[in-house]
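Below you'll find the structure, written out as structure tokens, and then a few comments.
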Amino acid sequence: MFVAQISWQVPATSTPAQLDEISYSLLAALRKNGQITNGDWPFSFAVPEVIAISGRYLQTFVIILAPDALDSKYANKYVRKEIATAIEWGFSAPQIEIIGESPGISEGTICNCQPSSYILYTHYLEIGSPVKCGNCFAHVPLYLLPKTYDGDEYYDILMWERDYRACDTLQMHCKTGERFGIRQMSDVRSSLAKQGREISDRLTALTGKPTYYYLYRYKLRTNIIKEKQRRCPNCDREWLVENKWHQFDFKCDWCRLVSVLSCTIT
């Protein structure tokens with residue numbers, strides 16, 4: 001993954017409310033288009049000596065999956081609209097500078113192959129794409145996929161992603177809402193799983209490639225024999241794979257579900 005700086009020259013007369021509205025609207029549009037990752041997006045003013053006479057520059061730093069993620073060729077109508085609005089208000093067009101690769105962010109590999117399938121998968125620490133390549137299990141940037149919401153966005157994927165990470169956070173904290181979080185992630189009938197499987201079906205239809213949905217597994221007082229005898233919770237077929245598919249021990253091609261052995265095996 002990479003760190004990028006986005007900066008705008010802003011009118012001297014702009015108010016804090018105008019700066020917030022213009023800047024956050026553009027970043028939200030970039031986020032919904034999958035071009036930047038979720039984050040706090042801290043802002044600061046920068047007034048380099050060479051432009052001190054001409055005005056102020058507002059800058060923020062974002063995480064992107066690839067160096068070209070902010071190229072205009074990936075912009076959707078909402079990103080283009082926000083840029084046009086900013087210019088109408090006297091802002092300059094956003095200026096992009098790639099600061100460099102971020103060594104402190106894990107799981108930063110981007111898919112460079114031609115996926116034959118996809119996997120909808122994330123967790124509470126991840127900030128990359130929730131869509132993984134079925135061939136290499138690397139991140140697939142959303143902006144390289146067909147639009148899944150309203151013909152021009154990925155709002156449905158991003159909302160599922162936030163809900164999933166929220167549930168995973170609850171179970172990781174092991175306090176308030178732990179059972180709820182586990183149930184939502186592991187039960188194929190939960191609202192979270194239904195939401196995710198609808199997205200998987202949508203991606204399958206749009207790409208022509210199967211998209212699998214990951215079911216979390218947490219089961220106390222179980223052993224390896226019982227775990228391996230588990231059947232697909234949706235169709236009751238056998239789904240244990242002889243050799244792991246990436247990190248998954250179970251894979252049902254009929255239901256497009258994947259899962260793992262319980263982390264509490266005794």
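The residue among Leu203, Val241, Ile127 whose Cα reaches farthest toward the positive pole of the charge dipole of the stretch 118-259, with charges on the beta-carbon of Lys, Arg, Asp and Glu, is Val241.
Gyration tensor over the Cα atoms of the stretch 2-101: the corresponding equivalent ellipsoid has semi-axes (square roots of 5 times the eigenvalues, largest first) of 21, 16, 12 Å. Dipole orientation for the stretch 2-101: of the candidates Leu70, Val3, Leu58, Leu70 has the Cα lying most toward the positive pole (charges on Cβ; Lys, Arg +1; Asp, Glu -1). Here r is the Cβ-Cβ distance between Asp156 and Ala12 and R0 is 45 Å; the resulting FRET efficiency, rounded to 0.05, is 0.65.
Each Lys and Arg contributes +1 and each Asp and Glu -1, all at the Cβ; summed about the Cα centre of the stretch 2-101, the dipole is approximately 320 debye. Would you be so kind as to identify which of Ala86, Leu220, Pro141 lies farthest towards the positive end of the dipole of the chain, taking Lys and Arg as +1 and Asp and Glu as -1 on Cβ and the Cα centre as origin? Checking the options against the dipole of the chain, the answer is Leu220. Computed from the alpha carbon positions, the gyration tensor of the stretch 10-49 leads to an equivalent ellipsoid with semi-axes of 22, 13, 8 Å, biggest first.
Filter Lys147/Lys244; Lys77/Lys132; Lys132/Lys228; Lys175/Lys228; Lys32/Lys81 down to the pairs with a C-alpha to C-alpha distance above 21 Å, please. Correct reply: Lys147/Lys244; Lys77/Lys132; Lys132/Lys228; Lys175/Lys228.
With helices as the sole contributors, the chain gives -9500 deg cm²/dmol at 222 nm; each DSSP H run of n ≥ 4 counts as -39500 (n - 2.57), and the sum is divided by every residue. Using only side-chain charges placed at the Cβ, +1 for Lys and Arg and -1 for Asp and Glu, the dipole size of the chain relative to its Cα centre rounds to 1260 debye. Loop-located chymotrypsin sites (Phe, Trp or Tyr not before Pro) across the stretch 206-265 with a Cβ neighbour count of 14 or fewer within 10 Å are Trp254, with loop assigned by DSSP. Rounded to the nearest 20 debye, the dipole magnitude of the stretch 118-259 is 660 debye, with +1 charges on Lys and Arg beta carbons, -1 on Asp and Glu beta carbons, and the Cα centre as origin. Entry for the chain at q = 0.08, 0.13, 0.15 Å⁻¹: log10 I(q)/I(0) = -0.39, -0.89, -1.10, Debye formula applied to identical alpha-carbon scatterers, no solvent contribution. Remark: relative contact order (the chain) = 15 percent; criterion is Cα-Cα distance under 8 angstrom and separation of 6 or more residues. For the stretch 82-97 versus the stretch 1-47, the inter-centroid distance based on Cα atoms is 10 Å. Long hydrophobic helices in the chain: the complete DSSP H runs spanning 18 Å or more by Cα along their own axis with mean Kyte-Doolittle hydropathy of at least -0.5 are 16-32, 191-207.
Bear in mind that the values in this text are calculations on the coordinates, not laboratory data. What you are looking at is a predicted structure, and each value in this text was computed from that prediction instead of being measured. Backbone-built Cβ (ideal geometry, glycine too); neighbour counts: all protein chains shown.
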